[in-house]
Amino acid sequence: MSTPELVTVTIDGRRAEVAKGTGLVETALQAGVEIPVFCYEPRLGPPIGACRMCLVEIEGMPKLQAGCTLTAQDGMAVRTAATSEKAAEGQNATLEFILVNHPLDCPVCDKGGECPLQDLTFRYGPGNTRMIFPKRTFEKPIPISPTIALDRERCILCYRCTRFSESVAGDGQLVARNRGAQSAIATFEDEPYRAPFSGNVIELCPVGALTSTQYRFEARPWEIQNVPTVCAMCPVGCNVSATTREGKVKRIVSRNHPEVDEGWLCDKGRFAHSHLRAEDRITEPLLRVRRRGFSPIGWDQALDEAERLLRGAGSRIVTALSGSETVEGAYGLARLLRGGLGAHSAVLPEEAGHALDAYRLPLSAIRDAELVVVVGDDPVSERAPIVDLWIRAAQRGGAELVTAGPSGTLLAAPGSAAQVCRDLAAPGSEVGRRLRESARAILIWSGQGGQGGAHLAALARALGFDGKEGCGAFHLPATPNGRGVAAAWAAASDEEAENPEPISLLIVSGDEAASDPNVRALAERAEAVLAITMFHALAVGWADLVLPATSYLERDGTTMNLEGRLQRLRRAVMPPAPDELAWLSQLAERFGIALPPYPALVFEELSPVAFGGLAFGEVGERAALPPRAEAAPLPPLESAPPPPTSDGHYLQLLRYRPLFSGAAVERVPELQFQRPPREVELSADDAERRRISSGDEVSVRSNGTSTALRARLDRRLAPGVVRIAEEHAGDLHALVEVVKA
Amino acid sequence: MDVLRLTSLLAELPTPRTSLLDNLGRIRREVGPITAELSDALADHMNIRHGEVHEVKSFYSFLEVPVDALRVCTGPVCDCFGARALLARTQEHAPPDATVLEVPCLGHCELAPVATRGDTILPFGRDEPVLHRANEGPSLGLGQADGTLADYERRGGLELLRSLPSPERILAELKASGLAGYGGAGFPTGLKWEAIAAEPEPRYVIVNADEGEPGTIKDRYVMELRPHLLLEGTLLAMRFARATEGFVYLREEYATARDRLARAIGEFRAAGLLDGLSLELVVGAGAYICGEETAMLESMEGRRGMPRLKPPYPSRFGYLGRPTLINNVETLAHIPAILRAGGERWPRGRLWSVTGAVREPGCFEAPLDVTPRRLIEEYAGGASDEIGAIVPGGAASGILPPAALDVPLTREALREWGAGPGSAGLQVFPRRYPPLRLLGETMRFFAEESCQKCTPCRIGNRALHHICAELEHGEAAMPRPQVEEWLDAMAATSICGLGQGAPIPVRNAFRLWPELFAPLGSA
Amino acid sequence: MSPQPFGSIKGFGVTFKQIFKKPITQQYPEYKRPLYPRFRGRHRLWRHEDGLEKCVGCSLCAAACPADCIRVVAAENTAEHRVSAGERYARIYEINLSRCIFCGYCELACPFDAITLGNEFELSEYSRDDLIYTKDMLLAPPIKRVPVADRELYDTPIPFYKTGS
């Protein structure tokens, strides 16, 4: 990269040296001068200069200029409202204008206390109001979605939200309606704002016009604590602050990590926290009693029972891990089971590996790419939503996006991603040639069967990504901390796992494992099941002993995201029961294993083995990305046999796990509208052949099972494929018939 | 039903984003008012997100109303001649399924009070309206309409296009003529053309025919009477700028002008004058702000017509980011005469719309330093009533008392009165029409037509309208010094001319009719 | 020998002089001194004339409170259940009077004049828990008078006693 040209700008007599082209607002900040803004937000694209709050006087320009629209030029002399009377007059008037119609309901408004309009009015506004006008009134609040309330009276038409909707998230659902005095922000056709990133507009709104319905009237800024932690709902690991009041998480707000999330959050990460207080949350150990279901027991008895089960099973234990445990929690479990009992057999929902560490880049590198290639069956936004925003940012910057999958720009059959990788590596591939020539190309694997990124690593190596700093590859795993859990499990012992048969005890760690059909199938073969889950519904029917699990907001520790970045989780609220590490350490003691109950100590123990001796304190609030690994020999590539393909009559079923699914989302009333409708997606060809049009009720059948769904045509879907969300697919087989009901 | 009719039309509609406004206009004319279903169908056809089409269609006043809606003009001149009462009466007697719409200006002020149903003009109060009353005029020659291209050629037209002067000569003549944009801002045309010549190709030429200023009807006269003259000027501009694509952005209300221009363009095409060039008619949909050149560009690119930040000016970053020459209709229409006579000898003049309380309202070409009294007496048949207030040139030009009747209507002379010639729309108001009402109506116009992008214009105009309305009831909404502060702030901090110009009539009234503002206290 | 031999006697002299003066002890609670008008005692929450609570649950009083003795939990008014005039009302409003220092900042902070400090100061209880005043208690007029059986016993203003808790 070339070093940017430096220019010197004088702001209110202070000199600042910045790279040419830096925004004036940032330049001023560097000189220690604030230029107040409302509509300016560099993450939303080019400035629009609408609010006129940032007016400054520039030497040599006769009129006041909107500071936010200017960039630093050499020798520029800027006078802000602090030193220029003209600018101050303009700014004062602007603020007064803005306040003409803004209601004085700060005591009622949720934004009150953390409101840019309030803050700037205090700092720059006149002390008194001169307003004797009747203010404009509207119906309020208007719920534009179950999670967001709109108050048009407070709106100052800064267009931040519509710009987010249009250019960042690209959903285009929040729009500015009408002209002149009737102008207003509205959702498109007054439909609910149903988009995966809608919640960001709450944070973007510089006034209280868009507020969260979940947080509505829950707390005021001086009554809350913000705990800096990391979202552990998906493998991106967005940095968040958990706002707590009186021991309860009230909301999740973003905490900008410029390399990971750029301050955006998906609605699942933002709104799903209320599952902590779900009605069927397990708060005490449960023991299965014949014919009576579960009976709550005390912790002493629970540990006795657990000890009995473990001793009885010996090494014939299989542990099903969720991939959402903390690194320390997984290590604690591994120490107990592998060290204490020699039970080395574990099931992870997905294979994790280090193969891609040689092509590691921060997620923000996607934005700077010129060519992004996504392979795999799943849409990126369902697996790792923020990655989708990074890709959109790249596209805005002119990058080309190639998706190779069942509904991509390059159509590929479901389950053929490994083959796609081989094709791209082949000399004849046009996309492969462009990838090879590009200095800033990104590969992304979004789907099952990536073998922890090994397939992608092989492709990257074949394309000559080694040594190219701008080129990288990402594997989007299915679980939030799969890599960390795998590393922790491996760190506890070197011994090989033998799969016991029969299984004496199945330990189900966490909710994802408890709702995994494969794990359920394993339980059929197990004599006993010990489940560690948060919710009653996940334990009923198969567990013999249930120990309460905790959520990521309730425990301390570390977690590793898809980039391989180790990030720090902090306990935002106390869990209703002791966390995993607390009882694991007591249980381990009974087996003669010394396991400290404190994540920091556990981490110190495993770090030399798993993370090169990184200290717990160094993980930090804004975690750094480890450097790229040396290119290492790749693990042997295995290809799963290709799934049976369509023969015209039978269609290939593509299941996907929607972003808004899972045990947590199911327990959040506000998010129900985001869950996938009961739909089957069909390609236009297949639908036409079956005389099915969008909205028709259809029956999807295979080998004796059938389910009724509504059809939706997807013009981009490959012919011969139908796509159904996991939760509606039930036990349909790989090939299905679709018949109009 | 509508969607079915749309499906057959859709296939014909072009899909580039720049065609959005045109497509919406066509659907409205051929299918019906743009409903949610229609807008969605169009969005799908053009591969634009539904919400964006929704944003755009709701920005314009007319896309959601039927073509045959009855539109009653309540601009200041019409208001003065009883448009409100007319509107009330019409609303009362209209059949229940008819749409009656109050619009801020229809651009037919000489027929005030006026309404339109679809493309038909309904001049209330006059049985036999004189549609065009114009003088011969040395530069534009509006006294005689050109029916066909042959008529135009017979009067010496097209000569310049055939023997195209060199760009250097064109520039020299333009500069010598001192021609300054007649759309209102008065930027020297020579400098504008010089700037565009320095920019890289490809370049575009756009004719600003979105004349929306209440009281200004001159461009309509040019387009209706001498469309070929305008086209020759436009083609000269395109040849000069070496632009192969040109556009005429016409306001929706000008149906006759639309037809005549379209016919004239057809004639030009048939005569081979457009070979290798494209000249398109873009029809607006009822948004005054789109007359602002950058808002017009946004509108043409298929977005909400909100002005862009300047700089960069359109001459550098215009239509689709390319250098673009934007000129007003009348400005372009003068260019053939300038080139024919030579810049020095060109009879400097401009076209004045004279409307209101005069016997023979119309458009008259007169010298730049003509006085209102001369315009009224010599050109417009004299005043029909005792003169109360005069507006020299469109809504944002100022409001003058009868004492100013003998002031030459030049930029310099009017500056002393705190006013300007603007778009030369002289409106004469009778004494019975209260100046405060006039001011209030003007501010209402600005408040309703503000695009709502920047704060000062968005809030300021609404507040000023409120103040005027309160003053009519003898109440003060705000002390005078504060109003003055706000006026300064609006002029200094608004993005475009609408917000910057809106304070002018208020300041003018403050200065020239201090007694009206007594309730506000002293300055 | 004391360096000031007569000092003690002088001191006793002061004491003896007092014996003949009228005592200034006042028989509280039988007799109560008048309070200054701006004396700050127990809080009171107010209602509008139409019966709606003035408090909107904004928590500004809690923010201003230096003793951190106010707890407000807000909720939203609905058409069926309207408690205050605005969108928001205080679902829980508690003042822990055992922590309150009666500084009156809450009164100053209140944007709706919903809370004021009265001049009642007899607030003792047998349990600290009873000193947490809930919204209902704060909305009620100050403690009820207890009818006194025999008024003749008192030659001073009649004392107040709290009932209920």
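The values are calculated or read from the model by the stated rules, or taken from the named source; none is laboratory data. Predicted model, so just to flag it, every value in this text is computed and none were measured. As a convention, Cβ positions derive from the backbone with ideal geometry for all residues, glycine included, and neighbour counts pool all protein chains shown.
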Could you tell me how many of the residues in the stretch C:3-41 are modelled with pLDDT under 90, among the basic types (K, R) and under 19 Å from the mean Cα position of the chain (by Cα)? 3
State all residues of the stretch A:77-120 that are polar (S, T, N, Q), at pLDDT 90 or above and farther than 30 Å from A:E17 by Cα; if no residue qualifies, say none. A:Q118
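Answer with yes or no whether A:S493 is surrounded by fewer than 21 Cβ atoms within 10 Å (Cβ to Cβ) and in contact (Cβ under 8 Å) with a residue 60 or more places away in the chain.
Values: surrounded by fewer than 21 Cβ atoms within 10 Å (Cβ to Cβ): yes; in contact (Cβ under 8 Å) with a residue 60 or more places away in the chain: yes.
Against the criterion (surrounded by fewer than 21 Cβ atoms within 10 Å (Cβ to Cβ) and in contact (Cβ under 8 Å) with a residue 60 or more places away in the chain), A:S493 qualifies.
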Of the residues in the stretch B:269-300, how many are charged (D, E, K, R) and buried (at least 24 other Cβ atoms within 10 Å of the Cβ)? 2
Would you call A:G323 assigned to a helix (DSSP H, G or I) and in the same structural domain as A:L601 (by TED's automatic domain parsing)? no
Selection within the stretch A:178-192 - within 31 Å of the chain's Cα centre (by Cα) and within 19 Å of B:A43 (Cβ to Cβ): A:A186, A:T187, A:F188, A:E189, A:D190, A:E191, A:P192
State whether one or more residues within the stretch A:213-226 are surrounded by fewer than 22 Cβ atoms within 10 Å (Cβ to Cβ), in a strand (DSSP E or B) and more than 13 Å from chain B (Cβ to nearest Cβ). yes
Can you confirm whether A:I593 is in a strand (DSSP E or B) and buried (at least 18 other Cβ atoms within 10 Å of the Cβ)? no
If we keep just the residues of the stretch A:80-94 that are surrounded by 24 or more Cβ atoms within 10 Å (Cβ to Cβ) and not hydroxyl-bearing (S, T, Y), which is farthest from the other protein chains (Cβ to nearest Cβ)? A:A81
Residue pairs within 6 Å by beta carbon, gap of at least six or interchain, first lying in the stretch A:525-546 and in contact (Cβ under 8 Å) with a residue 12 or more places away in the chain and under 11 Å from A:F294 (Cβ atoms), second among the acidic types (D, E) and in a loop (DSSP other than H, G, I, E, B), listed first then second, are A:H536/A:D280
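Just the residues that are of a type in the set (V, I, T) and either touching a His at 6+ places or on another chain (Cβ under 6 Å) or outside any helix (DSSP H, G or I) (or both), please, taken from the stretch A:499-523.
Keep residues of the stretch A:499-523 that are of a type in the set (V, I, T), which gives A:503, A:507-508, A:519.
Within the stretch A:499-523, A:I503, A:I507, A:V508 meet the criteria.
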Quick check on the stretch A:382-424: of everything there that is touching a residue at least 60 places away in the same chain (Cβ under 8 Å) and of a type in the set (S, T, N, Q), which residue is farthest from A:L637 (Cα to Cα)? A:S407
Any idea which residue in the stretch A:139-166 is nearest to A:R675 (Cα to Cα), counting only those that are at the interface with another protein chain (Cβ under 10 Å from one of its Cβ atoms) and part of a helix (DSSP H, G or I)? A:S165
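Tell me which helices (runs of 4 or more DSSP H) are completely within the stretch B:144-227 and hold 2 or more residues being among the charged types (D, E, K, R), surrounded by fewer than 24 Cβ atoms within 10 Å (Cβ to Cβ) and in the same structural domain as B:A295 (by TED's automatic domain parsing), or say none if there are none. Don't jump to the end; show me each part of the working.
Values: elements: B:149-154, B:159-162, B:167-177, B:189-197, B:218-225.
The qualifying helices (runs of 4 or more DSSP H) are B:149-154, B:159-162, B:167-177, B:189-197.
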For the stretch A:563-574, does any single residue satisfy the condition of being buried (at least 22 other Cβ atoms within 10 Å of the Cβ), farther than 30 Å from A:R255 by Cα and not assigned by TED's automatic domain parsing to the domain that holds A:Y656? no
Only one residue in C:R91, C:R71, C:R82 is at pLDDT 90 or above, among the basic types (K, R) and touching a helix residue (DSSP H, G or I) at 6+ places or on another chain (Cβ under 8 Å), so which one is that? C:R71
Condition first: assigned to a loop (DSSP other than H, G, I, E, B), under 26 Å from A:F122 (Cα atoms) and at the interface with chain B (Cβ under 10 Å from one of its Cβ atoms). Now tell me which residues in the stretch A:37-62 satisfy that. A:F38, A:C39, A:P47, A:I48, A:G49, A:A50, A:C51, A:R52, A:M53
Scanning the stretch A:361-387 residue by residue, those assigned to a loop (DSSP other than H, G, I, E, B) and either assigned by TED's automatic domain parsing to the domain that holds A:E681 or within 14 Å of A:W264 (Cβ to Cβ) (or both) turn out to be A:R367, A:A384
Tally the residues that are in contact with a strand residue (DSSP E or B) (Cβ under 9 Å, 6 or more places away or on another chain), in a loop (DSSP other than H, G, I, E, B) and at pLDDT 80 or above, restricting the search to the stretch C:124-165. 3
Single match in B:T493, B:T442 (criterion: buried (at least 18 other Cβ atoms within 10 Å of the Cβ), of a type in the set (S, T, Y) and touching a strand residue (DSSP E or B) at 6+ places or on another chain (Cβ under 7 Å)): B:T493
